[in-house]
Amino acid sequence: MAAEREHEHVRVAVIGSGFGGLGAAVRLRRTGVTDFVVLERRDAVGGTWHDNTYPGCACDVPSHLYSFSFAPNPDWPRSFSGQEHIRIYLESVADNFGLRQHIRFNSEVELMSWDPEELHWTITTGQGHQYTADFVVNATGPLSDAKIPDVPGIEGFRGKIFHTAQWDHDFDLLGKRVAVIGTGASSIQVVPAIQPMVEKLTLFQRTPAWVMPRADRKISGVERWLHRKVPATRYLRRQLLWGVREMQVSAFAKHPNVLGLIETLASSHMKRAVKDRALRRKLTPGYRIGCKRILLSNNYYPALVKPNTELVASGLKEIRGNTLVAADGTEAEVDAVVFGTGFHVTDMPIAHRIKGADGMTLAEKWSGTMEALRGCSASGFPNFMTVIGPNTGLGNSSMILIIEAQLNYMVDYVKKLETLGGKSGKVALDARPEAVSAWNEHIQDRMSRSVWNTGCDSWYLDANGRNTTVWPGTTAEFRNVTKEVRLEEYEVKRRQPSRGAGGTVNSAVRTARTASTASTAFHAAEEG
Ligand SMILES: Cc1cc2nc3c(=O)[nH]c(=O)nc-3n(C[C@H](O)[C@H](O)[C@H](O)COP(=O)(O)OP(=O)(O)OC[C@H]3O[C@@H](n4cnc5c(N)ncnc54)[C@H](O)[C@@H]3O)c2cc1C
């Protein structure tokens, strides 16, 4: 006989305990909702900042902006924090806001399906627990599932292989021949951190990155004291960091040519460290700066000119025994391979585990191209939203601003369900397909003028070549378009008791006509 699953009903289930999941938990509690759980597959909070422990791991956005507005930290030790400080910050958020009672660690969501009769989600975890929830917040993160390419011969490699997000701290790199694959944000942090300890470092670069200086420094005791004693100084600092980044958006989103000036700065940054012209040629991107994520580093180029470093300006093609072979035929025999090859961003793994109203998974529904109303709601997946959903990513500012904006949407969603449902009735809100399409057409139209669509091959693009990752506007604008749930963009479904034959009480789901008659067109005026 199959073991009986433990079952619990909650009003809200949050999946993930990174910035998104913890933020959702704080906002739910502040709204008066305490009947919720946070399901986390790991044994600790932090998400990205718990998993990524590779040497050199740090944030590219200053800490005073890369933190919750409702949980300021006057004591950030550096302008750009390292992983450990951010992880500790998130642990403190979990403690200070009383979130631990809600978190179920080692709870990986394996399957989640919408029950169209009961108007709730049934969630099954790998550990054998079952939950039902009226509303689900998917905060599983865009960069939480590491991607290792299927390189021919990889299974025959006899050395050590790991991804930057799954760093094996028991493996000693000292004196080893190490290959780093990829030149994205994580790799350019790893390379300078491990170069001094390895015997030989071979970096496989498919496409060079534009790299700008990193204005990192220690935050002085006086500044910290001021931020503690005079909160307005902390606030002012955050506002300045935010304002400068908001002003950059128009160049990225509307006037990519203006960014040529920034290319000049990035080129001279490289020139200062790399004297060898041939190496500079290999390191100079052939696309407009900003098309791929701009990276920040002061020690990446200096590490590349060290005698024990070799740059192979060609992607990894295959592995023969312990020899890595690049597409241009260059070979390198190594003891370890570090994959800095990114994450499953446009093919969100959780989407295969979420079954909507018609039994299709979210991945099937999307068939390679994610889309969601206001970056939150997918049609056919009622009472469900994704934090950092499609087209909510930023290239130049803090994702915490986007997360907080989406949490405003979440709070309004939960409140609307309560108001519409009244005391006893259960209600579901399902994004109308026309509203989702209108929203996405609008986003893609704007995207066509942006730097992200100037022809480079980036992780912002999905398998169909569509940019379903980036938000093509300011964070203020995003906050504005997510400040409330517009009922005209949703179909309202109600479950109400009704009298059946013989006087028995049945439940029946009805679709409310009031909302369905309203216009679903996206109003460009919202761009504000
Ligand atoms: C190395 C690195 C550097 C970054 N630097 C920056 C930066 O400089 N600026 C910036 O704005 N952003 C940066 N980011 C992006 C970063 O991911 C976001 O800023 C933010 O941390 C995302 O938070 P999140 O809660 O949405 O996702 P995550 O932090 O990824 O959390 C998702 C959580 O969901 C859990 N989870 C996933 N699937 C399941 C499941 N099936 N069941 C249960 N739990 C599950 C995961 O274990 C994880 O704890 C960086 C990311 C990485 C990887």
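Things to note:
- Proximity of backbone amide H atoms, modeled 1.01 Å from N, is registered between Glu491 and Asp430, Ala431, Arg432 at under 5 Å, excluding neighbours fewer than 5 places apart on the same chain.
- Amide hydrogen neighbours beyond the local backbone of Arg320, cut-off 5 Å, H modeled: Val325
- By average C-beta atoms within 10 angstrom, highest first, the peptides 293-306, 71-84: 293-306, 71-84
- Per-residue HN-Hα couplings for the range 288-298 [Karplus 6.51, -1.76, 1.60; θ = phi - 60°; Hz; x = Gly/Pro]: 5, 4, x, 4, 9, 4, 6, 9, 10, 6, 9
- Cβ-Cβ distance of Asp358 and Asn464, R₀ of 30 Å, FRET efficiency by 1/(1 + (r/R0)^6): the value works out to about 0.85.
- Relative to the Cα centre, the charge distribution of the chain, modelled as +1 at Lys and Arg Cβ and -1 at Asp and Glu Cβ, gives a dipole magnitude of about 1660 debye.
- The range 410-480 versus the range 130-180: alpha-carbon centroid distance in Å: 29
- Using the alpha carbons alone, the radius of gyration of the range 183-265 stands to its Kirkwood radius in an Rg to Rh ratio of 1.10.
- Of the residues Tyr287, Ala332, His344, the one whose Cα sits farthest towards the positive end of the charge dipole of the range 287-346 is Tyr287 (charges of +1 on Lys and Arg Cβ, -1 on Asp and Glu Cβ, taken about the Cα centre).
- Rounded to the nearest 500, the helix-only mean residue ellipticity at 222 nm of the chain stands at -8500 deg cm²/dmol, with each DSSP H run of n ≥ 4 adding -39,500 (n - 2.57).
- Debye, to nearest 20: dipole size of the range 391-462, +1 on Lys, Arg Cβ, -1 on Asp, Glu Cβ: 340
- For the listed peptides 271-280, 130-139, a ranking on the average number of other beta carbons within 10 Å per residue, highest first, reads 130-139, 271-280.
- When each of Lys365/Lys493; Lys254/Lys483; Lys292/Lys416; Lys355/Lys426; Lys218/Lys282 is checked by Cα-Cα distance, pairs over 30 Å: Lys292/Lys416; Lys218/Lys282
- Judged by the mean number of other Cβ atoms found within 10 Å, the most tightly packed of the peptides 354-360, 338-344 leads the ranking 338-344, 354-360.
- The 3J(HN,Hα) values that the Karplus relation (6.51, -1.76, 1.60; θ = phi - 60°) gives for the range 338-350 are, in residue order, 10, 8, x, 9, x, 9, 7, 8, 8, 10, 2, x, 4 Hz. Gly and Pro appear as x.
- Using a 4.7 Å Cβ-Cβ cutoff, the cysteines of the chain lacking any partner cysteine are Cys57, Cys59, Cys376.
- With K and R counted +1 and D and E -1, the other residues having a Cβ less than 15 Å from that of Leu174 yield a net charge of -1.
- Think of the range 401-477 as a dipole: +1 on every Lys or Arg Cβ, -1 on every Asp or Glu Cβ, centred on the Cα centre; then among Gly455, Gly421, Ala405, Gly421 lies furthest on the positive end.
- Quick note on the chain: its Rg to Rh ratio, both from C-alpha atoms and Rh being the Kirkwood radius, is 0.99.
Every number in this text was worked out from the coordinates using simple rules, so none of it is lab data. Note that the coordinates shown come from a computational prediction; the quantities given were computed from them, not determined experimentally. Please note: Cβ atoms are built from the backbone with ideal geometry, for glycine as well, and neighbour counts cover all protein chains shown.
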